[in-house]
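Novice: Structure incoming, see below.
The values are calculated or read from the model by the stated rules, or taken from the named source; none is laboratory data. Just so you know, these numbers come straight off a predicted model, no measurement behind them. Heads up, the Cβs are rebuilt from the backbone with ideal geometry, glycines too, and the neighbour counts pull from every protein chain shown. These accessible areas exclude ligands, DNA and RNA; they are computed on the full protein's heavy atoms, side chains included. Shrake-Rupley method; radii C 1.70, N 1.55, O 1.52, S 1.80 Å.
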Amino acid sequence: MRPTVAFLNRELIERIVAEGRDILCRMGIAIHNPAALKLLSDGGAVVDVSRHHVRFTSDLIDRALGSAPKGFKLYDVMGEEAVDLSGDRVNYTPGSAALNFLDGATGLMRRPTTADYIRYVRIVSGMPHIASQSTAFIPGDVHEKISDSYRLYLSLLHGEKPVVTGTFTIDSFEIMKDLQLAVRGSEAALKAKPLTVFSCCPTSPLKWSTVTSQNVIDCARYHIPVEFVAMPLSGFIAPVTLVGTLIQHTAETLSGIVLSQLANPGTPILYGGSPAIFDVRYETTPMGAVETEMIDCAYAEIGKYLGLPTQAYIALSDAKQLDAQAGLETSMGATLAALAGINNISGPGMLDFESCFSLEKLVVDNEICGMTLRMIQGIEPKGDFPSLGHFTELVREGHLLISKHTRRYRQEEIHLPGPVIDRANRSRWAEEGSKTLMERASAEINRLEAAYTPSRLPDDVKGELTRLMTAEARRYGMDKLPRESR
Amino acid sequence: MDLLANLSQSLQDGDDEKVAALTKEALAAGMSAKQILDNALISGMTVIGNRFKAHEIFLPDVLLSARAMYAGLELLKPLFLKDDIPSRGKVVVGTVQGDLHDIGKNLVSIMLKGAGYEVIDLGNDVPPERFVDTAVAQGAAIIGLSALLTTTMPVMSQVAALLKERGLTGRIKLIIGGAPVSDAYAREIGADAYGFDAVKAVEIVDRFLMRQ
């Protein structure tokens, strides 16, 4: 049986959802976007344009929940199925949009560059337990107006895995959509085989900005999947209780779903989020806090109750370096998320409140992901009954190392992590240089980079991507893209 | 592929049935038992030993190859004088008195056989005298002791003392292995070497017997 975790019973889920709907219908939320307000007004919501205020109706919410797909798939740049976001299927993707980069060579934090990003894409390409790329951090060597689209460009040019991404402005959507159309060839092909997921964030409490609400509408127009990333902060800009936070998260997320489904019914969405508690001692929002992770799993239960695929920023840490805290917070989050059956689990590689990315951490996290993926396979009988034969053989031979049963099931039953995880006895560990975790991670990065093979995307498509990106850069006064980018 | 190379490869693949079939075929083709032993079975196990040492393959792979080697050896045995397989030397192995753990010792035994040595395996819970008596009676140049428990490792020093008492120190080499023992412990009790694992044990035996 597949192991699971549950934080809410059905009665509590229904009460939370009812309260969330009540907030939307009775109190309403703010949306700073006339186009969004018009869509909602046309759909039957009660809109006060001058106050950017909208009150939803129960029918509107029901229709949106009815038209949102129960699940969907992502396809890689070659059009092959890569990620199944449905049921209790679990997929990992690196954390997104870090401003900073932890330089493995110096141990110092700095702004990332194009070269860092390409290295990241190459490494992710070879990671067995990371299903998709994310636009994990923001290269600092291009104009900030293209810092969102440029990441997608590099990912599509150098990697094959689908991309979890998002725009920072309304304008950037065009180029980010065009890059995808260049890969797929047509709008219909992009709709048939989604290549990316765009993160769209309401602004807690109970508000949508012009940019992010427009992103929701724009994505819907092209059938580009959206993950809603509400960020209520318990005890700060959300009730301090986890239930209260969940009510707010429900309202904020449902509002996004309604907007997206009004813009284009059937647009794929993920019931996601990045809520956190508020640590009053440091005035921080710890992503690795156990309550944060509990909220994540609980809202995923609500998403599943509503029949929707889910997402969470959970397998990450607030540590500043690859240390024990990084391992424990990431492991706890990844374990809970996998047990909760969250479909798109974001976070690997991320440190410092989602603000600093580390390649060394990413390769360690890849192993954490591998272990949790094994865990959710659960415990199943595999040729175990009747068992007397196995034990007769064991007593006779003294071991079962090469028994038929062992040979048949060893590989699927026992997950062997990569060399980052130290399982050598002390003598062998010493013989091999007494390597620290950091050193093993660094060696693994080098190994993955050496094993990288360039994307099979045809050269003419790659050329078109570069042409589109170069033209976009020129709009902002950059004559050329950084040399390493092509 | 040449028949012996094919045989060696089948052994490396751990395919005991194929090894038996090809051994028969090689004999039918007029090859000598010694030729088959040296150029296919032992050479195949040498490759396996080296790959195991390089961590390219793992214990079960070695065991499968060893089993395949025995499938060939069984067919060759009757062809050697008095059923004696020509060996590179004799080694007495066993787990010391009071200790029933024999997995490590068994691995050493398998690897030594694979390397072409004749192994006299005394099993587990073996008293000190039996090691020394057997080695003397069989003309073995090496005794290998295994212990898993800290409570039984002192028996190793009793074997070393017995060898000394009978004036055999140096003539019969004493090698020790097992989780609680170490290089330092080997020196402390007057053993000739400590083998960290089965591969190391073969290396040490190679070294000692080459010198003689």
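Novice: By the gyration tensor of its Cα atoms, with a ≥ b ≥ c the square roots of the eigenvalues, what is the shape of region B:90-211: rounded for a/c under 1.5, prolate for a/b over b/c, or oblate?
Specialist: Rounded, since a/c falls under 1.5.
Novice: Can you give me the angle between helix A:210-221 and the longest principal axis of chain A, using Cα atoms only, in degrees from 0 to 90, rounded to the nearest 10?
Specialist: Helix A:210-221 and the main axis of chain A meet at about 80 degrees.
Novice: Here is a follow-up. Using unit Cβ charges (K, R positive; D, E negative) and no other charged atoms, how large, in debye to the nearest 20, is the dipole of region B:3-83 about its Cα centre?
Specialist: 240 debye
Novice: Considering only A:298, A:325, A:286, whose Cα is most displaced toward the positive end of the charge dipole of the protein assembly as shown, charges sitting on Cβ of Lys, Arg (+1) and Asp, Glu (-1)?
Specialist: A:325
Novice: Keeping all protein chains in position, work out how much accessible area residue A:89 exposes to a 1.4 Å probe, and write it in Å² to the nearest 10.
Specialist: Result for residue A:89: roughly 120 Å² accessible.
Novice: Calculate the dipole size of chain B relative to its Cα centre from +1 charges on Lys and Arg beta carbons and -1 charges on Asp and Glu beta carbons; express the result in debye to the nearest 20.
Specialist: 600 debye
Novice: Report, in degrees rounded to the nearest 10, the 0 to 90 angle that the Cα long axis of helix A:34-43 makes with the longest principal axis of chain A.
Specialist: The helix A:34-43 is inclined about 90 degrees to chain A.
Novice: Taking the Cα centre of chain A as the origin, how large is its charge dipole in debye, to the nearest 20, when only Lys and Arg (+1) and Asp and Glu (-1) carry charge on their Cβ atoms?
Specialist: 660 debye
Novice: Eight or more residues apart or on different chains, and alpha-carbon atoms under 16 Å: count the Lys pairs in region B:3-83 matching that.
Specialist: Taking the Cα cut-off of 16 Å, the pair count is 4.
Novice: For the Cα atoms of chain B, what angle does the longest principal axis make with the long axis of helix B:128-138, in degrees from 0 to 90, nearest 10?
Specialist: On a 0 to 90 degree scale, this one is about 40.
Novice: Residue B:145's amide H: which non-local residues (gap 5+, or another chain) put their own amide H closer than 5 Å, with H modeled 1.01 Å from N in plane and none for Pro or chain starts?
Specialist: B:175, B:176, B:177
Novice: Ok, one more. For chain B, which longest stretch is free of loop sites, where a loop site is one of the chymotrypsin sites (Phe, Trp or Tyr not before Pro) that DSSP puts outside H, G, I, E and B and that has at most 15 other Cβ atoms within 10 Å?
Specialist: Longest gap between qualifying sites, sites excluded: B:81-212.
Novice: I need the phi-derived Karplus couplings for region A:89-95: 6.51 cos²θ - 1.76 cosθ + 1.60, θ = phi - 60°, integer Hz, Gly and Pro marked x.
Specialist: 5, 10, 9, 9, 9, x, x
Novice: Restricting attention to region A:211-309, which GluC sites (Glu not before Pro) occupy a DSSP loop and are surrounded by at most 15 other Cβ atoms within 10 Å?
Specialist: A:283
Novice: Just subtract the alpha-carbon distance of residue A:280 and residue A:400 from 0.36 nm times their residue separation and send over the number in nm, one decimal.
Specialist: 37.7 nm
Novice: Next up: Can you give the helix-only mean residue ellipticity at 222 nm for the protein assembly as shown, where every DSSP H stretch with n ≥ 4 adds -39500 (n - 2.57) and the sum goes over all residues, rounded to the nearest 500 deg cm²/dmol?
Specialist: Value at 222 nm, helices only: -14500 deg cm²/dmol.
Novice: Same structure again: Whole angstrom only: what separates the Cα centroid of region A:251-293 from the Cα centroid of region A:39-113?
Specialist: 9 Å
Novice: Applying the Karplus parametrisation 6.51 cos²θ - 1.76 cosθ + 1.60 with θ = phi - 60° to the phi angles of region A:265-275, what ³J(HN,Hα) value in whole Hz is obtained for each residue in order, glycine and proline being reported as x?
Specialist: x, x, 4, x, 9, 10, 7, x, x, 8, x
Novice: For region A:1-118, what % of the accessible area comes from carbon and sulfur atoms, probe 1.4 Å?
Specialist: Heavy-atom surface of region A:1-118 belonging to carbon and sulfur, 1.4 Å probe: 53 percent.
Novice: Separate question: Can you pull out the buried accessible area for chains A and B, both sides counted, probe 1.4 Å, rounded to the nearest 100 Å²?
Specialist: 1000 Å²
Novice: Something else now. Strictly over 26 Å apart at the Cα level, which of A:145/A:177; A:404/B:90; B:90/B:164 would you flag in this model?
Specialist: Listed pairs above 26 Å: A:404/B:90.
Novice: Under the rule that an exposed site lies in a DSSP loop and has at most 14 other Cβ atoms within 10 Å, name the longest stretch of chain A with no chymotrypsin sites (Phe, Trp or Tyr not before Pro) of that kind, not counting the sites themselves.
Specialist: That would be A:1-281.
Novice: Expressed as a whole number of Å, what is the distance separating the alpha-carbon centroids of region A:385-453 and region A:172-218?
Specialist: Centre-to-centre (Cα) distance: 43 Å.
Novice: If you count, for every residue in A:398-407, the Cβ atoms of partner chains within 10 Å of its Cβ, what is the mean?
Specialist: Mean shielding by partner chains, rounded to a whole number: 4.
Novice: With unit charges on the beta carbon (Lys/Arg positive, Asp/Glu negative), name the residue among A:369, B:100, B:27 whose Cα is farthest towards the positive pole of the charge dipole of the protein assembly as shown.
Specialist: Going by the Cα projections, it comes out as B:27.
Novice: Let me ask you something else. Residue farthest toward the positive end of the dipole of chain A, with Cβ of Lys/Arg at +1 and Asp/Glu at -1: which of A:189, A:102, A:353?
Specialist: Of A:189, A:102, A:353, it is A:189.
Novice: Still on this structure, please answer the following. Residues of the protein assembly as shown: accessible area per residue at 1.4 Å, in Å²?
Specialist: I get 43 Å² per residue for the protein assembly as shown.
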